[in-house]
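Encoded as structure tokens, the structure appears first; notes follow it.
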Amino acid sequence: MPVTTDRGALDALCVNTIRTLAMDAVQQANSGHPGTPMALAPLAYLLYTRTMRHAPEEPTWPDRDRFVLSCGHASMLLYGSLYLTGYGMTLDDLKHFRQLNSPAAGHPEYGHAAGIETTTGPLGQGIATSVGLALGERMLAARFNRPGHEIVDHRTYAIVSDGDLEEGIASEAASIAGHLRLGRLTAFYDDNHISIEGDTKLAFTEDVPRRFEAYGWHVQNLGEEIALERIEAAIGAAQEDPRPSLIVLRTHIAPGAPHKQDTASAHGSPLGAEEIRLTKEAYGWPSQEPFFVPDEALAHFREAIGRGAELAGEWHERFGAYRDEHPELAAEYERILARRLPDGWDADIPAKTPDAGMIATRKASSEVIQWAAAQVPELVGGSA
């Protein structure tokens, strides 16, 4: 196909590449959720090509930005982005979406493919984990950063749905994030008004932005004005605010589908071959071939590889200088990242004999936890 030099046309081509891959994969699997990946394709495109600091060929680079798809049922949004930006997910993997032994499971599973930061099956789990990731970044930064050596300096981005925010765990996590002012956390609320049963007003009518304001979050409600430039400006404002941020996007599920846009059926069922054909026509898509990826779109997405290699390489240079100046801290940091316990941590395990007499179980538990925390300094716990 001819190469375009128009930035807007290229953006649209890339966004629609994510959308058509989601439609085709769900259709081939005869199972899944096409509508939400289609609606959120502009956001994913923006995050993976302009916003996030990430390295597709070094997916475990320690100071990468983290991305959490809390609405894990929209997994094709993540898989399509990972394939297009060069994380090792293949087009054949997408063709086997939701099939046995495929890394492209129905919901993202940590460890199944590079670039999947966490498992997000149960709703609410992802937003809670994103708070943990953001808290972990701040704790590591406080422990290891030194003047002139900001080796921990990344952000966490999450996409959350109505279903996530209906769960109690999301409220608890959002509350502590606001209290701790985890300003490196940005969550995007996909306010699409659709659930499997129909309109979300059947069960969910609260004012989400005001709830998050009450938690102490920075809230921006973009409504339906969600052009790429508007979202990008909102992300910039979020990055400048010391509070965690919620960016509300009023999306339309299965955008462009002539008979399925804004319908519950587009949430959890394939669109159908005829609807896919009509939707691709509405997009002005150059081919009806399933899983067609325009060369120009793929090349643009894959520019993330070079950018990521440069970012990761620069960080490794800075970490080398940090190691030279703070060798003990660097060794401890690397041990924690490698998930190795300290040598000899269990050399003197406390024990209670009958001579200790009666002791409350929570007191015994407290003593064990305090002992363990002294041996393993990265152990973190808490209670209400």
- Task: Within segment 172-191, identify whether any single residue is assigned to a helix (DSSP H, G or I), buried (at least 20 other Cβ atoms within 10 Å of the Cβ) and within 15 Å of the chain's Cα centre (by Cα), and answer yes or no.
- Result: no
Yes/no for GLY344 being farther than 15 Å from ASN145 by Cα, without any contact (Cβ under 8 Å) to a residue 12 or more places away in the chain and over 30 Å from the mean Cα position of the chain (by Cα):
yes
Going through (1) modelled with pLDDT under 95; (2) in a helix (DSSP H, G or I); (3) open to solvent by 30 Å² or more (accessible area, probe 1.4 Å); (4) closer than 19 Å to ALA128 by Cβ one by one, GLY163 fails only at (3)
### Message
When you scan segment 54-71, do you find a residue that is of a type outside the set (A, V, I, L, M, F, W, C), modelled with pLDDT of 95 or more, assigned to a helix (DSSP H, G or I) and open to solvent by less than 20 Å² (accessible area, probe 1.4 Å), even just one?
### Response
no
Residue hits (segment 139-154; over 19 Å from GLU240 (Cα atoms) and not aromatic (Phe, Trp, Tyr)) are MET139, LEU140, ALA142, ARG143, ASN145, ARG146, PRO147, GLY148, HIS149, ILE151
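Please go through segment 323-342 and give me each residue that is under 22 Å from MET139 (Cα atoms) and not hydrophobic (A, V, I, L, M, F, W, C), ordered by number.
Start the filter on segment 323-342 by keeping residues that are under 22 Å from MET139 (Cα atoms), which leaves 323, 325-342.
The answer is ARG323, GLU325, HIS326, PRO327, GLU328, GLU332, TYR333, GLU334, ARG335, ARG339, ARG340, PRO342.
Answer yes or no as to whether ALA321 is touching a strand residue (DSSP E or B) at 6+ places or on another chain (Cβ under 9 Å) and open to solvent by 30 Å² or more (accessible area, probe 1.4 Å). Give the steps one after another, and end with the answer.
Details: touching a strand residue (DSSP E or B) at 6+ places or on another chain (Cβ under 9 Å): yes; open to solvent by 30 Å² or more (accessible area, probe 1.4 Å): yes.
Taking the combined requirement at face value, the residue satisfies it.
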Of the candidates LEU271, LEU278, the one satisfying the condition of being within 30 Å of ARG7 (Cβ to Cβ), assigned to a loop (DSSP other than H, G, I, E, B), hydrophobic (A, V, I, L, M, F, W, C) and in contact with a Pro (Cβ under 6 Å, 6 or more places away or on another chain) is LEU271
If we keep only residues of segment 104-151 that are of a type in the set (D, E, K, R) and assigned to a helix (DSSP H, G or I), then the residue farthest from GLN28 (Cα to Cα) is ARG143
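The values are calculated or read from the model by the stated rules, or taken from the named source; none is laboratory data. Bear in mind that the values here come from a model prediction, so they are computed numbers and not experimental data. Every residue, glycine as well, gets a Cβ built from its backbone with ideal geometry; the counts of neighbours run over all protein chains shown. The area values use the complete protein model at the heavy-atom level, side chains included, leaving out ligands, DNA and RNA. Shrake-Rupley method; radii C 1.70, N 1.55, O 1.52, S 1.80 Å.
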